[in-house]
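What follows is a short report on a single structure.
The values are calculated or read from the model by the stated rules, or taken from the named source; none is laboratory data. These numbers come from a predicted model, not from an experiment. Because the Cβ atoms are built from the backbone with ideal geometry, glycine has one as well, and the counts that use them run over all protein chains shown. With ligands, DNA and RNA removed, areas are computed over all heavy atoms of the protein, side chains included. Shrake-Rupley method; radii C 1.70, N 1.55, O 1.52, S 1.80 Å.
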Amino acid sequence: MCALAHGWEKTMKARWGLIATSAGALILFVPHAPAQTLWFTNVTDDVGATFTPTRSPRYGFMGAGGLAADFNNDGYADLFLLGGPGRRDALFINNGLDADGNFSFTDEAEAWGLPEPHHSFSCSAADFNNDGLLDLFITSYGPGNGSPSPGYHKLYRNNGPDADGNWSFTDIAAQSGCNLLVPGLTDGTGSAWGDYDLDGDLDLLVACYHRTAFGNRLYRNDGPDGFGGVILTDVTDNVGIRSMMAGFVPGFVDMNHDRYPELLMVADTGTSHYFVNNGDGTFSDQTPSVQDLSGANGMGSAVGDLNSDGLLDWYVSGSYYDFLNGPGNLLLIQNPDGTFNNIAPGTPVQDGGWGWGVLMVDLNHDRLIDLVETNGFGGEYGNEQSYLYFNRGNLVFEEVALDVGFVHTGEGRGLLNADFDNDGDEDLVVIATGEPVAVYENHLLEPGQPEPDNAHWLRIEIDTRARDSLSPFGMHTLITLVTGNQHEILVIDGGFNHSSQGEIGAHAGLGNVSTVDYVRFRFSDGSYLTLANVNADQILRVNAPFNPADYDNSGTLDFLDVMAFINGYMSDSLTSDHNGDWTLDVYDLLAFLNDFVSN
């Protein structure tokens with residue numbers, strides 16, 4: 001089937017709900033289609049983000065990376081893009097909003113000390129030293145004016161502003177021990193940060209595409225080295241994950257709600273893995289518990305609660321062409337026993353072409369998480385459009401990308417979301433290999449439509465610097481939103497994806513809810529913080545207290561904290577549910593007193 005016909009057939013199936021049965025017949029279902037309240041505009045040129053990455057001879061057709069992160073802490077997400085061997089990386093610093101409410105970027109890569117062109121694949125951002133500044137890791141194979149070679153991965157420490165207000169990065173990869181995966185091996189694909197041992201600092205996993213070198217490396221963060229670097233200890237062979245043979249997209253997510261993050265590794269041609277964290281510094285390979293994962297042609301990865309049952313689900317992109325005999329995309333719904341069922345077969349979600357980056361995000365704020373996928377390979381198979389699957393409820397998805405202005409046809413690889421203009425809705429960026437990057441602004445509604453009153457939102461960012469036991473930037477925090485009898489969970493997982501990464505934090509669409517009864521945080525150290533009567537339509541920036549008993553967040557424990565706890569307790573407010581069991585009783589008092597006196 002030619003690419004054009006293949007794309008047409010898929011669009012019709014997705015739009016009209018055609019599902020092929022095992023007997024080859026077609027069943028028509030009519031998905032619920034509420035009024036359209038979503039519209040994207042390609043604003044790449046308008047915002048000054050015109051950029052075309054170049055291909056490296058080493059895995060170049062598979063990678064095109066970038067990420068969104070607020071590197072200068074001004075409250076606006078910046079955009080970092082890898083340039084490849086023929087172009088310097090771009091660090092598009094967000095200029096904020098102009099008088100008309102529009103955002104724009106200025107490329108400051110050279111001023112920040114980023115290198116000349118180099119052979120790159122992917123990147124990730126995290127605060128590895130808990131100083132409140134986001135640092136940058138890049139898988140790289142050396143200067144662009146030479147051939148790819150080993151030993152050139154980069155870990156850029158964010159130095160913050162100097163006396164003159166100038167920001168900069170310093171590469172500390174070599175002194176920290178993460179510039180090379182395996183001696184003599186020119187490799188390294190995706191990377192991810194996570195606090196797998198819950199000691200309060202972020203560890204680094206770097207994936208390797210080589211099939212027999214066992215090159216995937218997990219580096220435990222053992223703190224500062226005293227010379228501006230960080231001690232990263234290779235613990236790969238000691239934690240039970242050496243069986244991974246290849247890797248594209250690693251991620252650390254607490255899938256079973258025991259606080260310890262699992263390791264999700266999406267990889268090509270049957271080498272994806274699911275490792276459950278044992279809580280003792282080791283992992284157990286539970287790949288067989290995830291239906292069809294062992295046979296996936298995995299490329300991209302995203303996690304979220306698709307059916308609002310309080311369990312995290314997993315979306316894995318793949319390739320869906322006859323000659324590959326591949327299963328296409330996987331839509332993995334978690335069961336209460338921790339296993340996963342793949343519900344993609346026979347639905348529009350399964351066939352996303354040659355899929356790469358994927359996202360789970362509520363784009364239209366209807367309290368249902370939508371799916372986004374970019375794809376492409378070129379050659380005789382052509383490039384299909386990127387796809388946007390609206391979640392219509394009950395795990396029914398409708399493809400609507402072209403209808404809402406999300407139009408991208410090319411060799412998409414990286415895919416990320418961020419709210420660049422701080423208006424509450426999530427914008428999208430598609431990074432293609434050897435083709436222009438595309439920035440799509442989310443307007444939430446088509447031009448000329450009245451402002452919707454059922455599209456409220458909440459974005460959450462967490463500052464954990466006051467407490468060393470917490471993972472930086474709130475990583476692995478489980479957030480529960482309570483409105484009436486409805487509970488919604490969010491997690492902060494770093495936004496990992498194929499060669500790319502979205503903005504760190506949590507975003508929720510709230511529909512017609514203008515006030516959230518309770519927003520509960522279960523931090524990575526097991527402590528709780530509960531806020532009551534939180535207004536929607538805001539960026540909620542939360543400072544985690546230095547001690548769970550610091551109820552007035554003053555930085556000291558005193559009589560005022562006791563009174564704040566008692567006032568909540570006596571008024572039956574869950575803000576004083578200190579042990580997080582959703583009830584107020586004597587156990588909360590004992591837990592509060594224990595934290596109060598233990599300081």
Exercise. Would you kindly identify the strands (runs of 3 or more DSSP E) lying entirely within segment 201-302 that contain at least 2 residues that are within 21 Å of the chain's Cα centre (by Cα) and not polar (S, T, N, Q)?
Key: 203-206, 217-224, 249-253, 262-266, 273-277
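Quick check on Asn278: is it in contact with a strand residue (DSSP E or B) (Cβ under 8 Å, 6 or more places away or on another chain), within 24 Å of Asn221 (Cβ to Cβ) and open to solvent by 40 Å² or more (accessible area, probe 1.4 Å)?
When the stated conditions are applied, Asn278 passes them.
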Self-check item: Cross-chain or 6+ apart pairs with Cβ under 8 Å, segment 333-347 first and free of Cβ contacts under 8 Å to residues at least 60 places away in the same chain, then of a type in the set (Asp, Glu) and part of a loop (DSSP other than H, G, I, E, B)
Solution: Asn342/Asp292
Practice problem: May I ask you to list the residues in segment 75-97 that are within 19 Å of Met62 (Cβ to Cβ) and small (Gly, Ala, Ser)? | Solution: Gly83, Gly84, Gly86
Quiz item: Would you call Ile504 among the β-branched types (Val, Ile, Thr), open to solvent by 20 Å² or more (accessible area, probe 1.4 Å) and under 30 Å from Gly376 (Cα atoms)?
Solution: yes
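Touching a residue at least 24 places away in the same chain (Cβ under 8 Å), open to solvent by 20 Å² or more (accessible area, probe 1.4 Å) and part of a loop (DSSP other than H, G, I, E, B), is that true of Asp366?
Working: touching a residue at least 24 places away in the same chain (Cβ under 8 Å): yes; open to solvent by 20 Å² or more (accessible area, probe 1.4 Å): yes; part of a loop (DSSP other than H, G, I, E, B): yes.
So Asp366 passes the test.
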Quiz prompt | The one condition in (1) surrounded by 13 or more Cβ atoms within 10 Å (Cβ to Cβ); (2) part of a helix (DSSP H, G or I); (3) not acidic (Asp, Glu) that Val597 fails to fulfil | solution = (1)
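Does any residue of segment 315-333 turn out to be open to solvent by 10 Å² or more (accessible area, probe 1.4 Å), assigned to a strand (DSSP E or B) and modelled with pLDDT of 95 or more?
Taking segment 315-333 and keeping what is open to solvent by 10 Å² or more (accessible area, probe 1.4 Å), we get 320-327, 333.
So of that shortlist, the ones also assigned to a strand (DSSP E or B) come out as 333.
Among the residues that remain, those that are also modelled with pLDDT of 95 or more are: 333.
Taking every residue of segment 315-333 in turn, at least one turns out to be open to solvent by 10 Å² or more (accessible area, probe 1.4 Å), assigned to a strand (DSSP E or B) and modelled with pLDDT of 95 or more.
Out of Leu395, Leu402, Leu371, report the one residue that is surrounded by fewer than 22 Cβ atoms within 10 Å (Cβ to Cβ), touching a residue at least 40 places away in the same chain (Cβ under 8 Å) and at negative phi.
Residue meeting the stated conditions: Leu402.
Check segment 275-293 and report whether any residue there is among the β-branched types (Val, Ile, Thr) and at pLDDT below 95.
no
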Self-check item: Residues of segment 440-478 satisfying the condition of being out of contact with any helix residue (DSSP H, G or I) (no Cβ under 8 Å at 6 or more places or on another chain), buried (at least 21 other Cβ atoms within 10 Å of the Cβ), of a type in the set (S, T, N, Q) and over 18 Å from Glu426 (Cα atoms)
Solution: Ser471, Thr477
Quiz item: Quick one: Ser124 ticks every box in (1) modelled with pLDDT of 95 or more; (2) not in a strand (DSSP E or B) bar one, so which box is it?
Solution: (2)
Quiz item: Got a sec? Which strands (runs of 3 or more DSSP E) wholly within segment 431-543 have at least 1 residues that are closer than 23 Å to Trp39 by Cα?
Solution: 438-442, 456-463, 506-511, 538-543
Practice problem: Could you tell me which numbered condition Thr530 fails, if it satisfies all but one of (1) touching a residue at least 60 places away in the same chain (Cβ under 8 Å); (2) in contact with a Gly (Cβ under 9 Å, 6 or more places away or on another chain)? | Solution: (1)
Self-check item: Conditions (1) open to solvent by 30 Å² or more (accessible area, probe 1.4 Å); (2) touching a Ser or Thr at 6+ places or on another chain (Cβ under 6 Å); (3) on the phi > 0 side of the Ramachandran plot: number failed by Gly142
Solution: (1)
